Each structure stands twice: as structure tokens, then as C-alpha cells.
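Report on one structure; see the data block that follows.
The values are calculated or read from the model by the stated rules, or taken from the named source; none is laboratory data. Everything numeric here is computed off the predicted structure, so don't read it as measured data. Here Cβ is always computed from backbone atoms with ideal geometry, including for glycine, and neighbour counts include all displayed protein chains. Note: accessible area is taken over every heavy atom of the protein model, side chains too, but ligands, DNA and RNA are not part of it. Shrake-Rupley method; radii C 1.70, N 1.55, O 1.52, S 1.80 Å.
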Amino acid sequence: MSAKIAIVGGGPSGCYTAQALLKRAPDLEVDVIDALPVPYGLVRYGVAADHQGTKGVARQFARLFTRQKAQFFGNLRVGEDISLDELRAAYDAVVLATGLSADRPLGIPGEDLPGVIGAGALTRALYEHPDATDLPHLGATPLVIGTGNVAIDVLRLLAKTPAELHGSDLGAGPSDWLAAQGIERITVIGRSPAAAARFSPVMVKELGELSRADIQVRHPAPEAEDALNLAAAASSGPLPIEFRFETRPLALEAIERGLRLTVETPEGEERIDASSVISAIGFTCDGRLDRAGLLAEAEDGTASRLYAAGWFRGGPTGAIPQCREEGQALAARILEEITPDPARPGRTLFAGREGIVDFDHWQQIDAQELAAAPDDRCRRKFARREDLLRPALPQDA
Amino acid sequence: MKIAIYYGTETGNAEMLAEDIATELEDAHETSVADLAETAPEALKAAELNVIVCSSYDDGDFPASAKPFVEKLNAESPDLSGVRFAIFGLGDSEYEATYGFGSMKLADLLVARGATTLGERIVHDAAGDDLPEDLALPWLAGILETA
């Protein structure tokens, strides 16, 4: 008897969990539900446009639907288009893998001033997420708060020349926007000492290899071989990117031409003027689901038949390899704990519902996006939800 | 021929290619697929040909699932003379300085223990347009012709 499992969220955590479930038990009915009309979550909308190799895992995820018999139910937002309770009643188990989509607030006075933008909102706009806000004007001297990999992604894209974006899938609008920013200097601040920053050394090395970058470090790590010290020594381009560590933001205020950030440093308080502020200090739940309550229920999967995965479960750290590892462990646990009930309707719950798109729909969108790519890009994304939903053109029929 | 296929993977791409290779070969050969993480170096002596698919991760490091195998190779210093292997790398040319290092370092370690390479190690570029199986299957067919 095959159990029916719904996975809410078609990003890397949801897909790896589905993959591991079907590898262990190929007869399961695994359905991947996503609020967007397209699958893969942060692989499409979070992994940087110029990191196409990292996006290669999408080929594994496609096989979920083309070979492992998982089904994709896109454009279906749990909590709006269908309630979580309905879903839980219909499936033997529900896995919440919705991620954390909201930028964590800075928590300082002035955090909502115009010119303060979250890195999540910025990258959604850069990567043409259908719900993204417009790209902001950053001005000549943006300041980035945070020293994790998302911050480094933003820095790298801001520092790249148009030629260095060849082969990416950065859209025409975002590419023109980047070229028009006229950035002259970027300041990056982080609370931790340099040696404790969360970025991966490889990402910093990559930043230091850009033709325009000139990495500078205000409070260098003591070890000369530190990745940032090496990148600083190796880079000598025209765009200063200054890292300041042990620097804690205290308050933001509007000034005539931008924003003034007051920070606390080992040398005392300082003020840094910037044309805009990008906060890249992590992600939090957007509040659509009661995360704390659901996580508490998910602790006892046998009783609740509810499970949590990825960032929704553990918070906004961990990259694609961790999603795979955790997905495998979670799949083993689910298979141990669930008891299938043939009376549960599973995917027949969705029969006749309007607006849901399936994996065939995505394959047609995918083919059209690849075919429409200009010479210096590997893909041209449809940016608007209506284009992602538009019935596929009959050209491939 | 008895062909054992092993993979060293971080995100699962090498595992997928290993499975594709097994599917391609299974009609004509006796094949098996295993994760290097669950493989003892001595096990390579069992097959007439070992096909290894190995990626690179981070700064030219071994992928997570190859690490336990490499630790055993280093700690146990097994004599692998007589072992024949062909190795296919997965890499990302965005990280040019360490491109394909995982498969290169693994091949060097096996050769140092006495194993013999068949064919030339090639690396699929995740940043390129080719699909890994489109490179790996003809590569392996060429090796099997002479094996």
C-alpha cells in the first residue's frame, strides 16, 4: 500500500526530500506543491544568476517528475488557495519546506526609511521573481550590512562588468539596471570579527578575482592566509569594496543625499554616510504560516503527520548540500513513522481546481526560456506571473 | 564484463551520472553502483573495471561522499596493483583555479596505491552547455573498446 505525501515548497529542500523518499520507496505518491507557477524555489530565484553550475541540481529535480513519478502542483499557495488543514486531512504526511522568504529586519531606528532594502527583496528583483518589487536606486555609495554569502552574492553582482555576466541568466532589465547604477564605492559592515564572518572563503576569492574589485579590510583577520586578506592583496580594480568588521549598526537617519548609519566599533561610535543600505543579515518567516506552532507540532511526526524541512525547519543557514543530507534523513524518518490510510484522497483533492499548473507546463516554459536566450545569456526568464501562467504556445506540439 | 561504478558526490549530480552510466551498460555488462562513502578501497579489486564519477567541492576539495574513501586510502595504504579504473570528473569552470581537482586528486591517490588508469580523465563543466551524460557515455564507450 503506497502512502501519500505532500511536500509544500518545490525548492531544494522539498525536492531533495521527495527524491530521497522515492528512492527508498518508489511506489509512494509524492506531490510537490508550490505557490509559484514554476518549481525549484531558490535554485531559480536565490542561487545567483552567475552561478549556473550550482543551478545544475535542477536536472536531478526534473527527474523527480519525469522519472520518479512525483507530481508538481504549481501556482497553489497553501494558506490561501488551499488550507493546510485540508492538505493534512488529504495526505498521510505533509512536509513543510516553504523556506524563509522575508528579510530579517535590522531592528534599529530608521530601518524602514526609503533607501533601506533587504537583500532578499533585491535579489528577487534581480532574478526576476514574479512577486518582486521594483529595483531600487542604489546611488554611488551603497552600504551592505552583513557578511554572509548572500551579501557576497550582492557585492559580486554589483561589482561585475557586463562582460563578467556573460553566460548568466541575469535578465535584460536587471542587467541594464546594474550598468546604470554608477557605483563608486561599496562599504560592507559585519558585527563579527573578520575571522568569524559567515561567508565562504571561495566566494570571497571569487569576489577578489573580479576586474573592477579593490577589496579593502578595515580590521583584517590576524592570519595572513585568511581568504579576505588574500583577496585584498590580489585585487586592485577601480571599485573599492571596504569590509569593516566588529561594527554593529545602531541607527539609521535620512540625510540630504542618502542615509547616515551610526555604528559601534571597537574604537567607539562612528557615522557612515551611504547612498543606500542593503541589509543582508538573514531571513525570517513571512508570517503566512504559524511557523513556531507548526514546528512544535512537527516534532512528533507520528502524532501530527507533519514534518518540516530546510530553512523553514532549521533557520536560514545551510546551502544545497545540507538540503540533500537533511532530505535523506527526513525521508528515512517519515517512512519509519507514517501509517498509510487508503481512505485519504491524496492528489484527487486537486481534481477540477482551476489555476494549478503541472510539470509539463514548466517544461514548456523552460524550453521557451532557453530558446529565447540572447547570445550572452543562457536563459531569458519570464518575469511576470501572467507570462509564467500563460498556456504554453503550441509550437512544441 | 564486471563493471563497478562508484560516485563521490556533494549535491547528487555525480550519483545521477553514475546511475545513467549503469543504465547504459547494464544490458551488455554486469554492473553495480555504489557511493564511495560506503566503499572500502580493497573493494575495487572485485571488478574487472571500476568507473568512478567524482565532483569537486568548495576550494577544489573532495566532495563529501568521497572523503571517507580518501581517508581510508590514506590510513590503510592498500595495495591496489591490478586494479583498473576510469575516472570522470564533474567541475565548474567558474572556479578555474581548482577546476576538476576532486577527480584529479582521487585519480592520483589511486595511482599512487598501484591502480592503473584506463583512458584519459575528462571533466564535465557545469558552467558549459553539454550534459554530463553526453560526454561521459561516449568517453566510456571508447574506453570499453580497448579494455
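For the range A:101-258, what log10 I(q)/I(0) values come out of the Debye formula at q = 0.08 1/Å, with one point per alpha carbon and no solvent?
-0.22
Probe 1.4 Å, all protein chains in place: accessible area of B:Thr146 in Å², nearest 10?
Roll a 1.4 Å probe over it and B:Thr146 shows about 120 Å².
Take the alpha carbon atoms of the range A:147-207, find their radius of gyration, then divide it by 2.2 N^0.38 Å using N residues; give the quotient. Write down the numbers at each step before the final one.
On the way: Rg = 13.0 Å, N = 61, 2.2 N^0.38 = 10.5 Å.
Relative to the 2.2 N^0.38 Å estimate, the range A:147-207 comes out at 1.24.
Kindly sort B:Lys2, A:Lys69 by accessible area of their heavy atoms, largest first, with the probe set to 1.4 Å. Before the final figure, lay out each step's value.
Working: B:Lys2 85, A:Lys69 150 Å².
Solvent-accessible surface, decreasing: A:Lys69, B:Lys2.
Whole-Å semi-axes of the range A:310-388's equivalent ellipsoid, largest first, each the root of 5 times a Cα gyration tensor eigenvalue?
Details: eigenvalues 214, 111, 25 Å².
Result for the range A:310-388: semi-axes of 33, 24, 11 Å.
In nm, to one decimal, how far is the modelled label at A:Arg353 from the one at A:Ser200, with both set 7 Å along Cα→Cβ?
3.5
In whole percent, and with a 1.4 Å probe on the protein chains, what portion of the accessible area of the range B:44-106 is carbon and sulfur? The partial results should precede the final answer.
Details: 1200 of 2430 Å².
The computed percentage sits at 49.
Strictly over 23 Å apart at the Cα level, which of B:Lys2/B:Lys105; A:Lys69/B:Lys67; B:Lys45/B:Lys67; A:Lys23/B:Lys72; A:Lys160/A:Lys205 would you flag in this model? Show your work: numbers first, answer last.
Working: B:Lys2/B:Lys105 25 Å; A:Lys69/B:Lys67 32 Å; B:Lys45/B:Lys67 20 Å; A:Lys23/B:Lys72 27 Å; A:Lys160/A:Lys205 14 Å.
Violating the 23 Å Cα-Cα cut-off are B:Lys2/B:Lys105; A:Lys69/B:Lys67; A:Lys23/B:Lys72.
Using θ = phi - 60° and the Karplus form 6.51 cos²θ - 1.76 cosθ + 1.60, what ³J(HN,Hα) does each residue of the range A:291-306 get, whole Hz, x for Gly and Pro?
Using θ = phi - 60°, the values come out as 4, 4, x, 5, 5, 5, 5, 5, 5, 10, x, 4, 7, 8, 6, 10 Hz.
Please report, to one decimal in angstroms, the Kirkwood hydrodynamic radius of the range A:235-385 built from all distinct Cα-Cα pairs.
Values: mean 1/r = 0.0459 Å⁻¹.
One decimal place: 21.8 Å for the Kirkwood radius.
If contacts are Cα pairs under 8 angstrom and at least 6 residues apart, what is the relative contact order of chain A in percent? Mind showing how you got there, number by number?
Numbers: 792 pairs, mean separation 95.8, N = 397.
Contact order relative to length: 24 percent.
Between B:Ser77 and A:Glu264, what is the FRET efficiency for a Förster distance of 51 Å, r being their Cβ-Cβ separation, to the nearest 0.05?
Numbers: r = 54 Å, r/R0 = 1.06.
After rounding to 0.05, the efficiency reads 0.40.
Kindly provide the GluC sites (Glu not before Pro) of the range B:88-124 that DSSP labels as loop, not H, G, I, E or B, and whose Cβ sees at most 12 other Cβ atoms within 10 Å. Mind showing how you got there, number by number?
Working: sites: B:Glu94, B:Glu96, B:Glu120; in loops: B:Glu94, B:Glu120.
Those that pass, being in a loop and sparsely packed, are B:Glu120.
Rounded to whole Hz and in sequence order, give me ³J(HN,Hα) for the range A:83-100 from the Karplus expression 6.51 cos²θ - 1.76 cosθ + 1.60, θ = phi - 60°, writing x for Gly and Pro.
Using θ = phi - 60°, the values come out as 7, 5, 5, 4, 5, 5, 6, 8, 10, 6, 8, 10, 10, 8, 9, 7, x, 10 Hz.
Residue separation times 0.36 nm, minus the C-alpha to C-alpha distance between A:Asp376 and A:Leu250: what's the value?
Values: separation 126, 0.36 × 126 = 45.36 nm, distance 4.26 nm.
Contour length minus the Cα-Cα distance gives 41.1 nm.
When the scattering of the range A:54-107 is computed by the Debye formula from its Cα atoms alone, each counted once and equally, what is log10 I(q)/I(0) at q = 0.20, 0.27, 0.32 Å⁻¹?
-0.99, -1.15, -1.21
Give the A-B buried accessible area in Å², both sides summed, 1.4 Å probe, nearest 100.
The summed interface area works out to 1700 Å².
Considering the Cα positions of the protein assembly as shown, please state its Rg to one decimal place and its Dmax as a whole number of Å.
Cα-based Rg and Dmax for the protein assembly as shown come out at 24.6, 77 Å.
Output the Kirkwood hydrodynamic radius of the range A:78-179, Cα pairs only, in Å rounded to one decimal. Let's see the in-between values first.
Details: mean 1/r = 0.0609 Å⁻¹.
The answer is 16.4 Å.
Could you sort B:7-15, A:311-319, A:160-168 so that the peptide with the highest average Cβ count within 10 Å comes first and the rest follow in order? If you can, show how the numbers build up before the last one.
Numbers: B:7-15: 26.7, A:311-319: 18.3, A:160-168: 15.7.
Ranking the peptides B:7-15, A:311-319, A:160-168 by packing returns B:7-15, A:311-319, A:160-168.
Per the 1.4 Å probe, what fraction of the accessible area of the range A:77-230, in percent, lies on carbon and sulfur atoms?
On the way: 3160 of 6100 Å².
Ligands and nucleic acids excluded, carbon and sulfur reach 52 percent.
For the protein assembly as shown, what is the accessible area per residue in Å², given a 1.4 Å probe and the full set of protein chains? Don't skip to the end; give the middle numbers.
Details: 23220 Å² over 544 residues.
On a per-residue basis, 43 Å².
List, largest first, the extents of the alpha carbons of the range A:257-313 along their principal axes, each in whole Å.
Here the Cα extents, ordered largest to smallest, are 55, 27, 16 Å.
Please work out how much length the chain gains when fully extended from A:Arg333 to A:Ser304, using 0.36 nm per residue of separation minus the C-alpha to C-alpha distance, in nm with one decimal.
Values: separation 29, 0.36 × 29 = 10.44 nm, distance 1.36 nm.
Working it through step by step, the gained length comes to 9.1 nm.
How large is Rg/Rh for the range B:1-43, to two decimals, with Cα atoms and a Kirkwood Rh?
Values: Rg = 10.5 Å, Rh = 10.7 Å.
Rounded to two decimals, Rg over Rh is 0.98.
Mind listing which GluC sites (Glu not before Pro) in the range A:202-243 are in a DSSP loop and have 14 or fewer other Cβ atoms within 10 Å? Before the final figure, lay out each step's value.
On the way: sites: A:Glu206, A:Glu209, A:Glu223, A:Glu225, A:Glu242; in loops: A:Glu209, A:Glu223, A:Glu225.
When the GluC sites (Glu not before Pro) of the range A:202-243 are filtered for loop state and at most 14 Cβ neighbours within 10 Å, A:Glu223, A:Glu225 remain.
Given bins 5 angstrom wide, list per bin the percent of all Cα-Cα distances in chain B, short to long.
Result returned by the calculation: 2, 11, 22, 25, 22, 13, 5, 1.
I want the antiparallel fraction of DSSP beta bridges within the range B:1-134, as a percent rounded to 5. Before the final figure, lay out the partial values.
Working: 1 of 25 bridges.
Bridges in the range B:1-134 that DSSP calls antiparallel: roughly 5 percent.
Going by accessible area, probe 1.4 Å, with all protein chains left in place, what is the ranking of A:Phe350, B:Phe101, largest first?
Working: A:Phe350 10, B:Phe101 65 Å².
Order by accessible area, largest first: B:Phe101, A:Phe350.
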